[in-house]
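Structure first, then comments.
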Amino acid sequence: MRRRWLINISIYISLLLLALCFLAPIVLMVVGSLKPDAKVLIEAGSLKAVLPDQLSLQNYSDVFTRVDFMRYLLNSLLISGSIVVVGLAVNSLAGYAFARMQWRGRDLMFALVLMIMIVPLEAIAVPLFYEVTLLGWRDTYIVQIVPFIANAFSICLFYTFFLGLPRELEEAARIDGAGVFRTFVSIIVPNAKPVFATVAILTFLMQWGAFLWPLMVTSGEAVRPLPLGIAAFYTLPPLQWGDIFAFGVMMVAPILILFLLFQRWFVRGVAATGIKG
Amino acid sequence: MAAVSYKNIGKSFDNGAPAVTDFNLDIKDGELMVLVGPSGCGKSTLLRILAGLETASQGEILIAGEVVNDKTAQQRNVAMVFQNYALYPHMTVRRNIEFPLKMMRLAKAEIKRRVDATAKLLELDMMLERKPKQLSGGQRQRVAMGRAMVREPAVFLMDEPLSNLDAKLRVQIRAEISALQRRMNTTTLYVTHDQVEAMTLGGRVAVINQGCLQQVADPQALYEQPANIFVAGFIGNPGMNVFKTELHSEHDQLTIRWGQQQLSLSLDVKRKEALQRYICKPIFAGLRPEAISCEDTQNVDATITVKVESIEALGHEYLLYFKSDVVAVDTDRFLSDGEITMRSIMVARLAGRVDAKAGEKIELGLMLKQLYFFDEGGMAVL
């Protein structure tokens, strides 16, 4: 009995330590954003890093005066939002076509899609850059949206989910007189909410933090997203960590809210599509 | 309402193996036709070909005299009830039933009128606002029926609609389907693997095995005059005992060999004549379990000694499994691989109580007037 108790205690202690490791950066960021700028680095090594004696919102107001935060935020929302919405439509239709429709070359195409998954953006960034330059798309929203709409990973998630839906549902709809598109919209989509939620959240997360590509293809503040906004602080003397933390908090907050709102769907979607980790 | 015809229908699987070969069947307008056969015999494929869910590799499908091979499922005006019902889980009962009508772009008032009428007929009117998962198996089954009926289709297709229900409910809904079909007088194709279900629905029955039509007839004719060994073994519960024997003639008296015994047959003139050319040749003989008795009644023409294997008491009757001097044929697999598979156990269906134990020897009476004969190819000899 006593032994069991000891095992439990040690498990909880290790879990607590692990949780601390993961939470510490976020806590430090939030606390740091609320401290006077001068104290952020000085107190970083002491207990005061997490228990400040003086709180202020000065850093937050600094963010708004030093850079056009609202512009960055709206840009990010527009870009990530568009990619999510259009991406859901495109990738779900593609996943459905791969999972359920018969067409010549389907398996070859699907193999190609799978292969695209392992090509990182960094590997094709330069040729892609030439391409969009030729198209005259630089410094626009489009250049930050279009290349990321079709997504091999999302297609695979949809594909796996649709494969698991009972085929009879579609056959019943066909006999009832629904065409392929109508079947997709009226029968498949309503029964695939979990996978739509999962793909939406994953895509949004991925795009919200996009840095390299926007840096390459944009030059002005007008169309740049949040990650480039935070980077602007490094080139905007004096270097104020409090402001950077405040910016960081405001950048992470929408994602946290989104996750909390859709948590139920997200967890179900992860279970249903069999993604792990 | 419409007549349906399968004309020389063939269908192969992707790997080239035949699923259905040269299938011909005519279903009359308003008729209930049951397709029955063991799992994998091609009966569901035939139904799906008619529905337009699969295409035939060869042959023609006719609905109301019109070739429909190139028509879509909707254009064929057929409705189907699936084995797992395939109700749309996100829609209420009302929305499930009205879905096909919406696809037909009917007026709202007409849709409502038809849905309400169908729901009333199927006693679903109290649960129109529920979702399928809030319904019992039987209720779901009725919603699936409703969704098919509400369109007033030319042909109803039912793919094992009762197999997800428990035994008691199955009997009840089977009767309901049969009554409903007579009332609506819509041509219906009903697929099942359960021969009892096939026999009790009341329509003609088409027995299918390995993608080939074996026999079409009403249930009684299938039982009394099976066209071949497969039908003889498949229809009836348990099926017919078929065994290999030899026919002999002594002083104008036909006999068959049962182990060491020669059993005399008293047959009418017509059957005697039909059997003449099989004398001294191997032949298959079949005896229904009902034609074997443990009491010495006047119908019994011969007695044999058998070794009891097991006894199943069913309350009102007993099934006695026994081994005898003859070797029984596995009717399910007769000529399926080009050769005959044997099984050593035969079965008798006895009305009276049997006080024997496994391993004991007892005497059984055979009603040889009820003997069936099949030639070496398995076809019935009159």
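What to note about this one:
- Scanning segment B:42-58 for residues that are within 12 Å of chain A (Cβ to nearest Cβ) and among the β-branched types (Val, Ile, Thr) yields a single hit, B:Thr55.
- B:Met199 meets the conditions (1) touching a Pro at 6+ places or on another chain (Cβ under 8 Å); (2) among the hydrophobic types (A, V, I, L, M, F, W, C); (3) assigned to a strand (DSSP E or B) in every case but one. The failed one is (3).
- Applying the set (1) among the β-branched types (Val, Ile, Thr); (2) within 12 Å of chain A (Cβ to nearest Cβ); (3) in a strand (DSSP E or B) to B:Ile61 leaves exactly one unmet item: (2).
- Residue in segment A:85-106 that is closer than 23 Å to A:Gln240 by Cβ and either outside any helix (DSSP H, G or I) or of a type in the set (Val, Ile, Thr) (or both) present: no
- Counting only strands (runs of 3 or more DSSP E) that fall entirely inside segment B:205-299 and contain at least 3 residues that are not assigned by TED's automatic domain parsing to the domain that holds B:Val20, the qualifying elements are B:241-250, B:253-258, B:261-264, B:282-287.
- In summary, A:Arg71 fulfils each of the numbered conditions (1) free of Cβ contacts under 8 Å to residues at least 40 places away in the same chain; (2) of a type in the set (D, E, K, R); (3) surrounded by 11 or more Cβ atoms within 10 Å (Cβ to Cβ) with the single exception of condition (1).
- Flag for B:Glu317 being more than 22 Å from the chain's Cα centre (by Cα), of a type outside the set (A, V, I, L, M, F, W, C) and closer than 25 Å to B:Glu224 by Cβ: yes
- Among the residues making up segment B:65-86, those that are assigned to a loop (DSSP other than H, G, I, E, B), on the phi < 0 side of the Ramachandran plot and in contact with a strand residue (DSSP E or B) (Cβ under 8 Å, 6 or more places away or on another chain) are B:Val68, B:Asn69, B:Arg76, B:Phe82, B:Gln83.
- Residue in segment B:133-144 that is surrounded by 15 or more Cβ atoms within 10 Å (Cβ to Cβ), within 14 Å of another protein chain (Cβ to nearest Cβ) and within 17 Å of A:Ala178 (Cβ to Cβ) present: yes
- Residue selected from segment A:33-68 under the condition acidic (Asp, Glu) and surrounded by 12 or more Cβ atoms within 10 Å (Cβ to Cβ), by the criterion farthest from A:Pro254 (Cα to Cα): A:Glu43
- Listing of helices (runs of 4 or more DSSP H) fully contained in segment A:139-215 that carry 3 or more residues being of a type in the set (Asp, Glu): A:167-175
- B:Arg105 surrounded by fewer than 20 Cβ atoms within 10 Å (Cβ to Cβ) and either part of a helix (DSSP H, G or I) or within 11 Å of another protein chain (Cβ to nearest Cβ) (or both): yes
- Selection within segment B:343-382 - buried (at least 16 other Cβ atoms within 10 Å of the Cβ) and touching a Lys or Arg at 6+ places or on another chain (Cβ under 6 Å): none
- Matching entry among B:Gly30, B:Gly40 (being part of a loop (DSSP other than H, G, I, E, B), within 21 Å of the chain's Cα centre (by Cα) and modelled with pLDDT of 90 or more): B:Gly30
- Residue satisfying condition, being within 26 Å of B:Gly52 (Cα to Cα) and either out of contact with any Lys or Arg (no Cβ under 8 Å at 6 or more places or on another chain) or among the small types (Gly, Ala, Ser) (or both), within set A:Leu212, A:Leu165: A:Leu165
- Residues of segment B:152-197 classified as in contact (Cβ under 8 Å) with a residue 60 or more places away in the chain and of a type in the set (A, V, I, L, M), total: 6
- The single condition among (1) polar (S, T, N, Q); (2) surrounded by 21 or more Cβ atoms within 10 Å (Cβ to Cβ); (3) closer than 24 Å to A:Ile124 by Cβ that A:Thr198 does not meet is (3).
- Inclusion of A:Ala197 among residues that are among the aliphatic types (A, V, I, L, M) and within 11 Å of chain B (Cβ to nearest Cβ) is not warranted.
Yes/no matrix, rows are residues, columns are (1) buried (at least 21 other Cβ atoms within 10 Å of the Cβ); (2) farther than 26 Å from A:Met117 by Cβ; (3) at pLDDT 95 or above; (4) in contact with a Cys (Cβ under 6 Å, 6 or more places away or on another chain):
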{"site": "A:Ile145", "(1), (2), (3), (4)": "no, no, yes, no"}
{"site": "A:Pro166", "(1), (2), (3), (4)": "no, yes, no, no"}
{"site": "A:Ala178", "(1), (2), (3), (4)": "yes, yes, no, no"}
{"site": "A:Phe181", "(1), (2), (3), (4)": "no, yes, no, no"}
{"site": "A:Pro190", "(1), (2), (3), (4)": "no, yes, no, no"}
{"site": "A:Leu202", "(1), (2), (3), (4)": "no, no, no, no"}
{"site": "A:Leu212", "(1), (2), (3), (4)": "no, no, no, no"}
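Residue-by-condition table, conditions (1) in a strand (DSSP E or B); (2) at pLDDT below 95; (3) more than 27 Å from A:Leu165 (Cβ to Cβ); (4) away from chain A (no Cβ under 14 Å):
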site	(1), (2), (3), (4)
B:Pro89	no, yes, no, no
B:Glu123	no, yes, yes, yes
B:Pro153	no, yes, no, no
B:Met158	yes, yes, no, no
B:Asn164	no, yes, no, no
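The values are calculated or read from the model by the stated rules, or taken from the named source; none is laboratory data. From a predicted model like this one, the values you see are computed outputs, not experimental measurements. Note: ideal-geometry Cβ built from the backbone for every residue, glycine included; neighbour counts use all protein chains shown.
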